[in-house]
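Novice: My questions will all concern the structure given below.
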Amino acid sequence: MSWQDFVKTVAKTDFEFPWQPPLMVAQAILESGRGTTDLSYYNNMNGMKYRESIAIPGAEKFKYYTDSEKDHPEHPGWDWFFKFDSYETGIKVWQKFFFRKERDWIPYPNVYARDPEILKDARSFLNYIGPIYCPFFENSHNESYAGYIMNRCFPEAEQLLREVGNSGQLTRTFKVAIMPGHGGGNPGAVNRDLGVQEAEYNWREAEEIKRILEKDGNYQVNICRVQSENVNLGEFQGRVNATHADVCLCLHHNSNARTEAEGWWLFSCKQDSETNKFIQILDKHFRELPLKARGCTYATHPFTGDRSWLKRVWNCINACQMPTILFESCFISNDRDCQWLKNGGYKDVAQKICDGVREYLQSSLETTLYKAVVNAPDFLNVRSGSGTNYPVVGQLNNGTSLEIVEEDPAGWVRISSPIKGWAAKRYTQRLGA
């Protein structure tokens, strides 16, 4: 089960109030980190503690250890939480949670009494339950619980549900490009003692990523070579750009003459906000692997002294026009790393990459201000920023449909589809205007 499955399930469920579906998803964005917490493994996306009064078949009680309960007066470090057999069960319990009555008290009296002023919309509801549900939230976030949910999570939740639609089928397709390194007659790094060639595991990870993401139903994954090819790096990056992918994954495994060198390492060669966000999300997920964490490195000029080797990374990905990460997922030259990879670790690598891709792309969904088409003398240059001083990341032909997500006072618009970037507003024509 995935975050996408949860959103689909919410979209297909009947709720009493129209604001409840986006509120449930918005709370889950905060509580589960978009399905990345340990508690979400038990289908509890909204962090609900166990309450016998609303337990139903499929909703079980289990002991859950969490830092949030470190000051619990009776059992520091843990509490009883719900474990659900399905998202459907969790949704049913959530619908009861704030309306419940315990044996000797009512946690949310005005909700229980169905005060119409509180139940008229999500903000009114949160303004009431917030101080009861999370009394100390503002101390650590400098914002009320209601403000945080409504300002930071609710718009994304509404967009996610719009992308799904009432049918529960996702209508927005994310595009992912993969560059599995080496191939053909180039095996890459080799561990002869263990019989492992890097190119084989680059390819295995690419296929596993494609299988996992395309199973979600809203991902189109392009592996930008065939297994028997060793593609020139310039051509490889050209193929990637031709896909107009949302992100690119360049898959490699490391090697070093010092066989004690170990662990994973992530690289980028652009420092725009989206690439930085993407690599930080992936770094978070990779830290769950049982390998040494080498973190993230920015590979760009100058390539001198002890930075000269980073030129090889730059050559691999510098021309890619979308957020692109080069992965060195372990050291083939280290027997411990290599044996882990050979024993199935490549599947764990692929899963962590998929988790990061999902989190990044879902979090980057933006509300469309309006739709437009290209109306330029020749073609439309799409740039990395709002100005002609920013590099061109792509070109669009006349008549191409656009989704506008932001307008700049200086006469630029930011587009989210078919490629991300900025364009001169005067060369776009708003539809329906």
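Rule-based calculations on the coordinates, nothing more; no lab input. Just so it is clear, the model here is predicted, and its values are computed rather than measured. Glycine also receives a Cβ, built like all others from the backbone with ideal geometry; neighbour counts cover every protein chain displayed.
Novice: Subtract the Cα-Cα distance of SER363 and ARG426 from 0.36 nm times their separation in residues, and report this length gain in nm to one decimal. Could you put the intermediate results ahead of the total?
Specialist: Numbers: separation 63, 0.36 × 63 = 22.68 nm, distance 2.94 nm.
Net length gain for the segment: 19.7 nm.
Novice: Any chance you could give the angle, 0 to 90 degrees and rounded to 10, that helix 198-215 forms with the longest Cα principal axis of the chain?
Specialist: 30
Novice: Separate question: Return the sequence-ordered ³J(HN,Hα) values of segment 47-63 in whole Hz as given by the Karplus equation 6.51 cos²θ - 1.76 cosθ + 1.60 applied to θ = phi - 60°, using x for Gly and Pro.
Specialist: x, 7, 6, 5, 9, 4, 5, 10, 5, 10, x, x, 10, 10, 9, 8, 7
Novice: By how many degrees, 0 to 90 and rounded to 10, does the Cα axis of helix 273-286 deviate from the longest principal axis of the chain?
Specialist: For helix 273-286, the angle is close to 80 degrees.
Novice: What is the antiparallel percent of DSSP beta bridges lying wholly in the chain, to the nearest 5?
Specialist: 65
Novice: Round to a whole angstrom and tell me the spacing of the C-alpha centers of segment 108-168 and segment 1-54.
Specialist: 13
Novice: Taking amide H atoms as placed 1.01 Å from N in the peptide plane, list the residues 5 or more away in sequence, or in a different chain, whose amide H sits under 5 Å from that of ALA245.
Specialist: none
Novice: Return an integer: the convex hull volume of the alpha-carbon atoms of segment 1-42, in Å³ per residue.
Specialist: Values: hull volume 2.8 nm³, N = 42.
For segment 1-42, the hull spanned by Cα atoms encloses 66 Å³ per residue.
Novice: How much length, in nm to one decimal, is gained on full extension between VAL226 and SER273, taken as 0.36 nm per residue of separation minus their Cα-Cα distance?
Specialist: Going from the current span to full extension adds 13.7 nm.
Novice: Note down the nm distance, to one decimal, between modelled labels 7 Å out along Cα→Cβ at GLU88 and at ASP121.
Specialist: Computed distance between label sites GLU88 and ASP121 equals 3.4 nm.
Novice: To the nearest 10 degrees, how steep is helix 3-12 against the longest Cα principal axis of the chain, on a 0 to 90 scale?
Specialist: Helix 3-12 sits at roughly 40 degrees to that axis.
Novice: Students often get this wrong, so try it: which of (i) 27.0; (ii) 25.4; (iii) 21.2 is mean projected area of the Cα convex hull in nm² as calculated from the structure shown?
Specialist: (ii)
Novice: Also, quick follow-up: For segment 174-363, rounded, prolate or oblate, judged on the Cα gyration tensor with a ≥ b ≥ c (square roots of eigenvalues), a/c < 1.5 rounded, else prolate if a/b > b/c?
Specialist: On the way: a/c = 1.29, a/b = 1.17, b/c = 1.10.
Verdict is rounded for segment 174-363.
Novice: Would segment 370-430 count as rounded, prolate or oblate if I go by the C-alpha gyration tensor, calling it rounded below 1.5 in a/c and otherwise prolate when a/b exceeds b/c, oblate otherwise?
Specialist: Working: a/c = 1.37, a/b = 1.15, b/c = 1.19.
Note, shape of segment 370-430 comes out rounded.
Novice: Please state the shape class of segment 89-220: rounded when a/c is under 1.5, otherwise prolate if a/b exceeds b/c and oblate if not, all from the C-alpha gyration tensor.
Specialist: Details: a/c = 3.20, a/b = 2.65, b/c = 1.21.
Cα axes put segment 89-220 in the prolate bin.
Novice: A follow-up question, please. Which FRET efficiency value, to the nearest 0.05, is calculated for PHE99 and TRP78 with the Förster distance at 41 angstrom and r the Cβ-Cβ distance? Mind showing how you got there, number by number?
Specialist: Details: r = 27 Å, r/R0 = 0.65.
Taking R0 as 41 Å, the efficiency between PHE99 and TRP78 is 0.95.
Novice: Can I ask one more? What whole-number distance in Å separates the alpha-carbon centres of segment 225-250 and segment 351-380?
Specialist: So the two Cα centres are separated by 20 Å.
Novice: Which order do TYR133, TYR65, TYR108 fall in if you start with the one that has the fewest other Cβ atoms within 10 Å? Mind showing how you got there, number by number?
Specialist: Numbers: TYR133 15, TYR65 12, TYR108 19.
Sorted ascending by nearby Cβ count, the order is TYR65, TYR133, TYR108.
Novice: Just give me a number: lysine pairs in segment 174-363, eight or more positions apart or cross-chain, with C-alpha atoms less than 14 Å apart.
Specialist: Details: LYS175/LYS210; LYS175/LYS215; LYS210/LYS347; LYS210/LYS352; LYS270/LYS311; LYS284/LYS292; LYS284/LYS352.
So the count of such lysine pairs works out to 7.
Novice: Let me ask something else. Go through segment 91-100 residue by residue and turn each phi into a ³J(HN,Hα) via Karplus (6.51, -1.76, 1.60, θ = phi - 60°); whole Hz please, and just put x for glycine and proline.
Specialist: These are the phi-based 3J(HN,Hα) values: 5, 4, 5, 4, 5, 8, 3, 8, 9, 7 Hz.
Novice: Right, something else. Please list, in chain and number order, the residues 5+ apart from HIS253 or on another chain whose amide H is under 5 Å from its amide H, with Hs placed from the backbone.
Specialist: Residues meeting the criterion, in which the H sits 1.01 Å from N, are SER329.
Novice: Explain nothing, just compute: Karplus ³J(HN,Hα) = 6.51 cos²θ - 1.76 cosθ + 1.60, θ = phi - 60°, for every residue of segment 373-384 in order, whole Hz, x for Gly and Pro.
Specialist: Computed from phi, the couplings for segment 373-384 are 10, 6, 9, 10, x, 10, 9, 9, 7, 9, 10, 6 Hz.
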